[in-house]
Amino acid sequence: MQDSVELQKNQSIPLTVTGLSSDGNGVGHYNGLAIFVAGSVVGDSLQVRLAKVCKNYAYGIIEKIVTPSPDRTVPDCPVYRSCGGCDFRMMSYPAELRAKKEFVQNAMTRLGRLDVQVENILPSPQENGYRNKVQYPLTLSNGHITAGFYAARSHRVIPCEGCRLQPEQLNAIVTDVCALLEKHGVSVYDEATGKGLARHIYLRRGAHSGQIMVCLVCNGNRLPRQQQLVQELVLAHPEITTVVLNVNTRQTNVIMGEQNITLYGDGTVCDTLCNVPVRLNPLSFYQVNTPAAEQLYGVAQQFACRGEATDDTLLDLYCGAGTIGLSMAHLFKRVIGVEIIPQAIENARENAAAMGLSDKTRFICADAGTAATQLASEGLTPQVIVLDPPRKGCDDATLAAVVTMNPRRIVLVSCNPATAARDAAWLCQNGYAVLRVTPVDLFPRTKHVETVCLLSKLSGAKNTIDVKVDMDELDVTSAETKATYEEIKAYVLEQTGLQVSNLYIAQVKRECGIIERENYNNPKSEESRQPQCPEEKRKAIMEALKHFGMV
Ligand code: SAH
């Protein structure tokens, strides 16, 4: 009976949620259509109002939870819906872990077409309060300076000084900073006019050292009554070891500016990660969940050398402050790290020096692909290569150089299961097999998950490891391009209700300097005219590219 009725926008339908999409939405089927519902849990029986109906799928909003899933919990945060930071606060942590393991398995099987059984996910030691970095935009709420969050997909600040993902100690400091800014007559920045001084509060805390950095992001290079304000703050919170003013006078939604002015202490926070000493300035990349990152590094080490000392060379590509390589440097003869951010490479060298490892380490500041190609042409043959790229994954130049260097083992660490599967599939087409895949939960209550893959060199013609890969199906480039375009379209549709074409996506990608296939990228001849992406759609596509970590 269901099949004969066409679904309409605003229609109310019953729905049982049977799965989760990789972007964290629950999904059920009705009338032959997949219905995606944000905030739903597998096993929920719902009454759903349809917000958007497309040809093969629709988006719905929960009207009523008829029978809650046994995995459903009451979200323990007052701004859970409006903030949008916690995708999974309405489900139990064990259910979240099952879902994340499934995301990774689906990526490996469906996107990578890899025949590998994903291993049990390592849970985060802490479900809440795990973040060592806190960033709050400031706003005026009822005439008072308040920290908050941007509402999902907007720049409206929702007051919230008690985020469950942040340690309470940091939330208490945020509340006091707001009160002190107000007491000393500091104005709040207004995005619309570009006027006002205080933009963001940004805190970092060394999970092991307990050192805390307070960074005030300001539309100017000094605060009124600056010294007094800082004195009162550190008196109230002696655990604060440094206070920095970050200058950001640009009208942009990039949070941090480039100039840091130290107001108290030495402008850095020291900590350790797997016994590697790290010194962080406000701009350095650092894993946000330290105990879970230590688990991640532990898996990487097991995969790299089973935790045993070797006479091998390790190449750590996308090494940040060198922490992965340095955490296992005692097991290798030599460690080489490559990273594109100069400050991070400086940190890596300092960290190596502090460990007395300068002689056996080398850190190169360069693009991973360029450096790996150069190292390969110099004849470097490291036995183990670690890859830890950003969300967009590795480029072909990097992967090709990795294969040329012919390592016995490749350890691929990634915060994006889709690109991890794509890159692992590429390596599998070029002489490697995926032996193990372990997800690690670094981001409880959100849809994000880290994945560590171990790939091993197949031994020549007589492949000793049986990988069931259909080479015809493994057209990674086209599969990835299609997946990416489809993902972008679905994301834009879900967030804004706008439909965008491949052409428009290609135009925006091109504008962002992302290399494109010829046919989407350029008009076929000089004379041909292509429609230009309207501004509203351009913005929506930009947001999607940001969401997928492509810009
Ligand atoms: N392995 C590090 C950092 C991983 S995050 C850790 O565990 O902390 C990814 C790193 O890749 C970032 O430090 C980023 O600056 C770096 N990166 C991004 N694009 C790069 C490129 N093209 N070449 C080299 N490094 C790059």
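The values are calculated or read from the model by the stated rules, or taken from the named source; none is laboratory data. Note that the coordinates shown come from a computational prediction; the quantities given were computed from them, not determined experimentally. Methodologically, a virtual Cβ is constructed for each residue, glycine included, from the backbone with ideal geometry; neighbour enumeration extends over all protein chains shown. We work out accessible area using only protein heavy atoms, side chains counted, and drop any ligands, DNA or RNA first. Shrake-Rupley method; radii C 1.70, N 1.55, O 1.52, S 1.80 Å.
Annotations for the structure displayed:
- Hits in segment 73-116 - residues which are polar (S, T, N, Q) and at pLDDT 95 or above: THR73, SER92, GLN105, ASN106, THR109
- Wholly enclosed strands (runs of 3 or more DSSP E) of segment 1-107 bearing at least 1 residues small (Gly, Ala, Ser) and within 25 Å of the chain's Cα centre (by Cα): 26-30
- Number of residues in segment 279-304 that are outside any loop (DSSP other than H, G, I, E, B) and modelled with pLDDT of 95 or more equals 15.
- Residue in segment 206-221 that is open to solvent by 30 Å² or more (accessible area, probe 1.4 Å), in contact with a helix residue (DSSP H, G or I) (Cβ under 6 Å, 6 or more places away or on another chain) and within 16 Å of the ligand (Cβ to nearest atom) present: yes
- For segment 132-153, the candidate set comprises residues that are touching a helix residue (DSSP H, G or I) at 6+ places or on another chain (Cβ under 8 Å) and within 13 Å of ASN171 (Cβ to Cβ); within that set, the residue that is modelled with the lowest pLDDT is PHE149.
- Residues (of a type in the set (Phe, Trp, Tyr) and under 26 Å from VAL449 (Cα atoms)) located in segment 5-49: PHE36
- Selection within segment 408-420: residues that are in contact with a strand residue (DSSP E or B) (Cβ under 9 Å, 6 or more places away or on another chain) and surrounded by 24 or more Cβ atoms within 10 Å (Cβ to Cβ). The member of this set that is nearest to LEU458 (Cα to Cα) is ILE410.
- Of the residues in segment 228-235, at least one is open to solvent by 10 Å² or more (accessible area, probe 1.4 Å) and touching a Phe, Trp or Tyr at 6+ places or on another chain (Cβ under 9 Å).
- Taken over segment 134-150, residues that are without any contact (Cβ under 8 Å) to a residue 60 or more places away in the chain and open to solvent by 40 Å² or more (accessible area, probe 1.4 Å) amount to 5.
- Looking across ASP71, ASP23, one residue alone is open to solvent by 30 Å² or more (accessible area, probe 1.4 Å) and farther than 23 Å from ARG110 by Cα. It is ASP71.
- ALA433 being within 16 Å of the ligand (Cβ to nearest atom), over 20 Å from GLU487 (Cβ atoms) and either outside any loop (DSSP other than H, G, I, E, B) or in contact with a Ser or Thr (Cβ under 6 Å, 6 or more places away or on another chain) (or both): no
- In segment 364-377 there is no residue matching the filter, namely being touching a Lys or Arg at 6+ places or on another chain (Cβ under 9 Å) and crowded, with 23+ Cβ neighbours inside 10 Å.
- Options TYR286, TYR318; residue that is within 11 Å of the ligand (Cβ to nearest atom), open to solvent by 40 Å² or more (accessible area, probe 1.4 Å) and within 21 Å of THR361 (Cα to Cα): TYR318
- Among the residues making up segment 151-190, a single one is in a strand (DSSP E or B) and either in contact with an Asp or Glu (Cβ under 6 Å, 6 or more places away or on another chain) or exposed (fewer than 14 other Cβ atoms within 10 Å of the Cβ) (or both): ASP190.
- Residues (touching an Asp or Glu at 6+ places or on another chain (Cβ under 9 Å) and either open to solvent by 30 Å² or more (accessible area, probe 1.4 Å) or touching a residue at least 40 places away in the same chain (Cβ under 8 Å) (or both)) located in segment 324-363: ILE324, GLY325, LEU326, SER327, PHE332, LYS333, ARG334, ILE336, ILE340, PHE363
- Residue count for segment 257-276, restricted to those that are more than 14 Å from the ligand (Cβ to nearest atom) and either within 23 Å of the chain's Cα centre (by Cα) or over 18 Å from LEU216 (Cα atoms) (or both): 5
- Top-ranked residue in segment 301-315 [being within 23 Å of ALA376 (Cβ to Cβ) and open to solvent by 30 Å² or more (accessible area, probe 1.4 Å); ranked as nearest to the ligand (Cβ to nearest atom)]: THR310
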